[in-house]
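Below you'll find the structure, written out as structure tokens, and then a few comments.
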Amino acid sequence: MAPTIEYQLLLPVIVVFGVAVMGIGAEALVVRRLRFVVQVVLTSAAIAAALLFTIRNWMDGDARTIAAVGAIAVDNPALAAWVLLLVGAAGVLVVATERISNGGISAFAAQAAVPPGSPEENTAENLRAEQTEIFPLFLFSLSGMMVLVAASNLISAFVGLEVMSLPLYLLVGLARRNRLLSHEAALKYFLLGVSASAVFLYGMALLFGFAGSFDYASIATAIAAPHSDDTLLYLGTALTASGLLFKLGVFPFHAWMPDVYTGAPTAITAYLATCGKITAAYALLRLLFVPLGALRWSWQLPLTVAAVVSIAFGAVAGLTQNDVKRGLAYTGIAHAGFLLLPIAAAATVHTGESVSDLGSVSVLLFYLVAYLPATLGTFALTLWVHGADGPDADLASWRGLAYREPFVALAMGVLLLSLIGLPGTGGFTTKLLVLVLAWRNGMAWAVFAALAFTLVTAGFYFRVLQAMFLKAPLTACPAVPHSKPMSVLVVLCVIITVYLGLFPTQAGYLIADMAGLLR
Amino acid sequence: MIVPWLTLVIAIPLFGAVVALPLRGVHNRRVGLVTSGLTLALAIAAVVLSRFYDLSEQVLWLRSVGAWYALNIDGLSGSLLLVITALVVAVLLIRSGLEPTATATATATERINVRPEIFTVLVLCTEACISAALLAADLVLFCIAFEMALLPCYALVGCWGGAKRTLAAARFLAFTLTSGFLLLAGVIGMLTAASATGRPSTLLSALGTVAIPEGMGRLLFVLFFLAFAIKGPLVPFHSWLPLLAREAHPLVTTVIVAVVDVLGGYGMIRFAVGLFPAAAAWAAPAVLVLALISIWYAGIAAAGSRHLLQFGVYTSISHTGFIMFGIFALTPETLTGAAMYLSAHAVSVAALLLVGTVIWVTTGTAHIGEFAGLGRRLPVLAGLFLISGLATLALPGFLNFAAELQVLVGAWEHHRVLTLLAIGGTLLGAVYVTLAYQRLFTGQPSPDAPPLKDASLLQRGAIGVLLAATLLFGCAPELLREYVAEADLGTAAIAAADAADAGGK
């Protein structure tokens, strides 16, 4: 019997993947002059169409099932994650098409292998040659993310993980400015990333050895059935979870983040910080809740410790950073800790449903909904302010921004306040929910530690705020460029952030309904 | 109510801030004055109306934790609301003619080009946050307003003032943010306790009925206490304030000490004691000792202080100690007295600091040693200084005296020795006020001192009205006492806790 594939439910993934393949074709067939435009149109169309199909499936309340013979769970959390990923990807696309320096050259290298300043480089620049392959690569990575967040067996999870990661290793190395840093970042990310994948793969094998199946549901059944030896199970759990914690950037799997965040082109940093984290958090949630939910007494404590140590490490190490991108990488580690807290709280593991609107799944979703615009907007503005200086510009370029570019400074201020979690922004609302959930599930000590180190994190953010608002600008500061699409993006990010901070009521209702995990 | 009076009290200053933002010069100042005046009028209207109607508002904010946008007004919040809205008007009035700028000591790299008009905007934003905190009838809303007030205050400190103002702003930020996060931790704990009831709600009316285990109650009390002790500030959590007084613009110091720090005492009465009466009784002996240390330490520091504004804030810290003494004596009389003292203190210390502001700006220095014989050169300011000094040291006839007497009489029965020590502390007030007056105003000015312009009519009027108000209420303290005593100051809960305690023995 031929397997049944629910094409309609999987259409969003298929569209993104299909257009990525088309993009490769376009690279070969379209003349260089038109490639950029064609690729941007294709990519935006793919994202828009996928978003449309996802929303249509969402509206159709009956369309919740485990599709493709148990490989992909199209349930409420998966749909919510797809929407987040596609919206985030649309934002990243805007940042990626931004042309920042020297009369409109994109931030991506024309030819990654050519040394900067060489004759070949000059030729490429004079021809205005651009790396348009980034768009298909970006879509491939996105399709991998969409598979990973919805994966309902370990095979599709691993395929998703790899399809997501491989293009990213390339994209990280394509920065036009500070190319050597970018190459270094790519190499580090690649070496650590493939090790993490290998670890995940090893864990998969061990889980298969325990359960005799890759299927999430079958693993859950095998755990529930009487069995004598747990060794394979525990080892497998630890290794698979570690592979995903690496992608999330949780201590002690965080080592790649500062270098990669700094070296990568800012658009790709934004992509890693938003969509990358969304994917890792959702994949981890599904892995730990659906097949391994019965083990929660075993994974809860280690995860809580990892979360708290991440928050502490990110906060303390971030405090001394002078480069904003690097600082955001360290605070990104702290945010990874915050993303891990609702998972570690393990409320309503079996259904995922919210109890009086507060459950791990819905709180994680709410945190990501607030985190996405704040992070995306922050990196977009960083691209503007650092401009042609590239990724190693320090706090000096932020000095007195409020007196040169009041609106840019104000927008950055609001977004940073949200990342700290001060009231009036989405960051406060969601931090409140995460911490209430954690305390309610008996992790009061984690709440105290998280708050104490958030105070330390605020030190980094307030250094940026201080530079922007309370310091006089240096005379040599370059002008901040502007472009319409990015302005719209930033304004949207600010509006969403403030809206979630002041009027979270409706969003709260909506998000509470998006929690039921299918198994 | 069809008109949301309390929301208007919060919204009008915000609206005024938005309108004032693009305006320059005199238009900006006018918008500021009109807005703050309107807010004061609305606050008066709200207080009067609340005697006849129920003005409370309630809209669900976040269902999952049971947080509401809920406002209410009672004697405690109403009296303080009147005080802070009036003080904002006074600050904006005094400011005419004293544009806040970076002082001459700031070097070129530190001088930033902030439009002085932003001052109006920030003060109005601060006013909105503090009003919202006072009117909040929901714990989460209070927490939000309490933390939000940080931002305009941080900007106020950092934008205008001396060479080390960024340091002062950073230290203010560190302490205030810590205070905010301690409060947040307490709120989260409270939410957790409330969620045990099934359908959680953070309305103050609902939180009063939540049963909290003893240990948890003590933990939460300590969190709330520390948050408000930093805000107060109580010694030893005060070290941000003297630096701020030296470095920030004096008007900013006035706003922070007289308007913002009111939340310290208010929160202590309403939340720390109001929600956890049993834990408050448990901690009371330690807190009373801290309060006495505050009274004495800050009093001695004020007597020795050589900086005009620093003198003012040490006075304030000493009085905060007295307010905490009244609160943690934990009797209905002392709590009412402390609530009255809170208003009296805010008004009198604001008058003192405003006089200090005018002297600082007119003479260009705030160092007390450089002022011999100022009385001859600035007779009106000398007089205003003396009167506000006498008000702060609680001379009979001023509201401070009535409040102080209420506290001391109430506390006498329970804590004789401590009360005697507190009385000693208030006598210390007479010492530091007269010492300061002597150093500043008496003696002969040097013959070549240039003539100075005494306080303008506007400045005299603004400070005079504040002093007149403390005198008026000082002569008829019953007006305030009855209004404040109507509020639920947690006295019923304290009595219940006492009864349970006595029953246990």
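The values are calculated or read from the model by the stated rules, or taken from the named source; none is laboratory data. Just so it is clear, the structure is predicted and the values come from calculations on it, not from any experiment. Note that each Cβ is placed from the backbone with ideal geometry, even for glycine, and that neighbours are counted across all protein chains shown. With ligands, DNA and RNA removed, areas are computed over all heavy atoms of the protein, side chains included. Shrake-Rupley method; radii C 1.70, N 1.55, O 1.52, S 1.80 Å.
Residues in region A:406-419: is at least one more than 9 Å from chain B (Cβ to nearest Cβ), modelled with pLDDT under 90, open to solvent by 10 Å² or more (accessible area, probe 1.4 Å) and within 28 Å of A:D323 (Cβ to Cβ)? Yes, region A:406-419 contains at least one residue that is more than 9 Å from chain B (Cβ to nearest Cβ), modelled with pLDDT under 90, open to solvent by 10 Å² or more (accessible area, probe 1.4 Å) and within 28 Å of A:D323 (Cβ to Cβ).
Considering only region B:62-82, state which residues are within 14 Å of another protein chain (Cβ to nearest Cβ) and open to solvent by less than 30 Å² (accessible area, probe 1.4 Å).
Selection gives B:L62, B:S64, B:V65, B:G66, B:A67, B:A70.
Of the listed requirements (1) out of contact with any helix residue (DSSP H, G or I) (no Cβ under 8 Å at 6 or more places or on another chain); (2) surrounded by fewer than 16 Cβ atoms within 10 Å (Cβ to Cβ), A:P115 misses just one: (1). Considering B:L405, B:L353, which residue is in a helix (DSSP H, G or I), closer than 19 Å to B:A455 by Cβ and in contact (Cβ under 8 Å) with a residue 24 or more places away in the chain? Matching residue, one of B:L405, B:L353: B:L353.
For region B:83-95, give me the residue count where each residue is closer than 21 Å to B:V47 by Cβ, open to solvent by less than 10 Å² (accessible area, probe 1.4 Å) and β-branched (V, I, T). Residues that pass the stated criteria total 4. Return yes when A:Y189 is touching a residue at least 40 places away in the same chain (Cβ under 8 Å), surrounded by 18 or more Cβ atoms within 10 Å (Cβ to Cβ), hydroxyl-bearing (S, T, Y) and in contact with a strand residue (DSSP E or B) (Cβ under 8 Å, 6 or more places away or on another chain) and no when it is not. So A:Y189 fails the test.
All told, A:P342 falls short of being more than 19 Å from A:A450 (Cβ to Cβ), buried (at least 24 other Cβ atoms within 10 Å of the Cβ) and modelled with pLDDT of 85 or more.
For B:S56, state whether it is at pLDDT below 95, under 27 Å from B:T202 (Cα atoms) and open to solvent by less than 40 Å² (accessible area, probe 1.4 Å). So B:S56 fails the test. A count restricted to region B:20-32 and to residues that are in a helix (DSSP H, G or I) and surrounded by fewer than 17 Cβ atoms within 10 Å (Cβ to Cβ) stands at 4. For region A:465-493, a tally of residues being away from every other protein chain (no Cβ under 11 Å), under 26 Å from B:R115 (Cα atoms) and surrounded by fewer than 23 Cβ atoms within 10 Å (Cβ to Cβ) returns 9.
Just one of (1) over 26 Å from A:I311 (Cβ atoms); (2) touching a helix residue (DSSP H, G or I) at 6+ places or on another chain (Cβ under 8 Å) fails for A:F407. It is (2).
Could you look through region B:136-150, keep only residues that are open to solvent by 10 Å² or more (accessible area, probe 1.4 Å) and in contact (Cβ under 8 Å) with a residue 60 or more places away in the chain, and pick out the one that is farthest from the other protein chains (Cβ to nearest Cβ)? The residue in question is B:A137.
In the set A:A315, A:A306, A:A273, A:A283, only one residue is part of a helix (DSSP H, G or I), more than 17 Å from A:A334 (Cα to Cα) and in contact (Cβ under 8 Å) with a residue 24 or more places away in the chain; that residue is A:A283.
In region A:159-171, is there at least one residue being in contact (Cβ under 8 Å) with a residue 24 or more places away in the chain, over 26 Å from A:G23 (Cα atoms) and open to solvent by 50 Å² or more (accessible area, probe 1.4 Å)? The answer is no; no qualifying residue exists.
In region B:3-57, which residues are farther than 21 Å from B:A132 by Cβ and of a type in the set (A, V, I, L, M)?
Passing the criteria: B:L23, B:V26, B:L33.
Per the listing A:G400, A:G459, A:G442, the residue uniquely over 22 Å from A:P504 (Cα atoms), within 14 Å of chain B (Cβ to nearest Cβ) and in contact with a Lys or Arg (Cβ under 6 Å, 6 or more places away or on another chain) is A:G400.
Report whether or not B:L421 is at pLDDT below 90, part of a helix (DSSP H, G or I) and open to solvent by 60 Å² or more (accessible area, probe 1.4 Å). No, not satisfied.
For region B:64-92, residues that are under 30 Å from A:L437 (Cα atoms) and hydroxyl-bearing (S, T, Y) total 2.
Are any residues in region A:499-519 open to solvent by less than 60 Å² (accessible area, probe 1.4 Å), more than 8 Å from chain B (Cβ to nearest Cβ) and within 20 Å of A:V74 (Cβ to Cβ), and if so, which ones?
Listed by number, the residues that qualify are A:I511, A:M514, A:A515, A:G516, A:L517, A:L518.
Within region B:185-204, is there a residue that is outside any loop (DSSP other than H, G, I, E, B), away from chain A (no Cβ under 14 Å) and among the polar types (S, T, N, Q)? For region B:185-204, residues outside any loop (DSSP other than H, G, I, E, B), away from chain A (no Cβ under 14 Å) and among the polar types (S, T, N, Q): absent. Among the residues of region B:205-222, write down those that are more than 10 Å from chain A (Cβ to nearest Cβ) and part of a helix (DSSP H, G or I). Selection gives B:S205, B:A206, B:L207, B:E214, B:G215, B:G217, B:R218, B:L220, B:F221, B:V222. Within the option set A:F379, A:F453, A:F428, being within 11 Å of chain B (Cβ to nearest Cβ), in contact (Cβ under 8 Å) with a residue 40 or more places away in the chain and open to solvent by less than 10 Å² (accessible area, probe 1.4 Å) holds for one residue only, A:F428. Applying the criterion of being of a type in the set (G, A, S) and assigned to a helix (DSSP H, G or I) to the residues of region B:147-163, the residue that is modelled with the lowest pLDDT is B:G158.
The residues on offer are A:A217, A:A198, A:A222, and the sole one that is modelled with pLDDT of 95 or more and either under 18 Å from A:F379 (Cβ atoms) or in a helix (DSSP H, G or I) (or both) is A:A198.
For region A:221-233, filtered to residues that are surrounded by 15 or more Cβ atoms within 10 Å (Cβ to Cβ) and touching a residue at least 24 places away in the same chain (Cβ under 8 Å), the residue that is nearest to A:A280 (Cα to Cα) is A:L233.
Across region B:479-493, the number of residues qualifying as at negative phi and either open to solvent by less than 90 Å² (accessible area, probe 1.4 Å) or modelled with pLDDT of 90 or more (or both) comes to 10.
So which residues in region B:19-41 are in contact (Cβ under 8 Å) with a residue 40 or more places away in the chain and of a type in the set (A, V, I, L, M), if there are any at all?
B:A20, B:L21, B:L23, B:V31, B:L33, B:L40
Against the conditions (1) farther than 18 Å from A:I278 by Cα; (2) in a helix (DSSP H, G or I), A:T240 satisfies every one except (1).
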